[in-house]
Amino acid sequence: MRESSGQKKTIKRVMHEYKHGELESGTGKKVKNPRQAIAIGLHEAGASKYESAAKNKKNLAHTKAKERRGETAEQEKEGKKRR
């Protein structure tokens, strides 16, 4: 599956968070497995082959809204969270 530029940026951000120890799973625990980090990145980017096209589109829209609000771990660490 080919990813759009927005999806590539999201995957890149998630892997950056993983490499810096900031990526958390849904339960709030730090992700230590690189395969799990890739799965989270594809899920957030809406590029998962295990979900429907509608679900992928919804996931990407949700993630992009989160990025616009400044609610990613990377943005919070850098102090870019909107007020």
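The values are calculated or read from the model by the stated rules, or taken from the named source; none is laboratory data. In this text the structure is predicted, and so the values were computed from the model without any measurement. Glycine gets a Cβ as well: all are built from the backbone with ideal geometry, and neighbour counts include every protein chain shown.
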* Failed item in (1) within 17 Å of GLU71 (Cα to Cα); (2) of a type outside the set (Lys, Arg); (3) in contact (Cβ under 8 Å) with a residue 12 or more places away in the chain, with GLY28 passing the rest -> (3)
* Return yes when LYS80 is outside any helix (DSSP H, G or I) and in contact (Cβ under 8 Å) with a residue 40 or more places away in the chain and no when it is not. => no
* Structure fact -> Quick count over region 7-31, residues being part of a loop (DSSP other than H, G, I, E, B) and farther than 11 Å from GLU74 by Cβ, is 7
* Could you run through region 61-74 and say how many residues are assigned to a helix (DSSP H, G or I) and surrounded by 18 or more Cβ atoms within 10 Å (Cβ to Cβ)? => 1
* If you take the residues of region 1-42 that are among the charged types (D, E, K, R) and closer than 19 Å to ASN56 by Cβ, which of them is surrounded by the most Cβ atoms within 10 Å (Cβ to Cβ)? -> ARG13
* Which pairs do you get when a residue that is farther than 13 Å from ILE38 by Cα and of a type in the set (D, E, K, R), found in region 1-24, comes within reach of a residue that is modelled with pLDDT under 90 and exposed (fewer than 14 other Cβ atoms within 10 Å of the Cβ), reach meaning Cβ atoms under 8 angstrom, with the pair 6+ apart or on two chains? -> GLU22/LYS77
* Based on what the data block shows, is LYS55 surrounded by fewer than 17 Cβ atoms within 10 Å (Cβ to Cβ), modelled with pLDDT of 90 or more, outside any helix (DSSP H, G or I) and among the basic types (Lys, Arg)? -> no
* Asked: Which condition number in (1) in contact with a helix residue (DSSP H, G or I) (Cβ under 9 Å, 6 or more places away or on another chain); (2) modelled with pLDDT under 90 is the one that ARG2 fails?
  -> (1)
* Asked: If you take the residues in region 39-52 that are free of Cβ contacts under 8 Å to residues at least 24 places away in the same chain and assigned to a helix (DSSP H, G or I), which one is nearest to SER5 (Cα to Cα)?
  -> HIS43
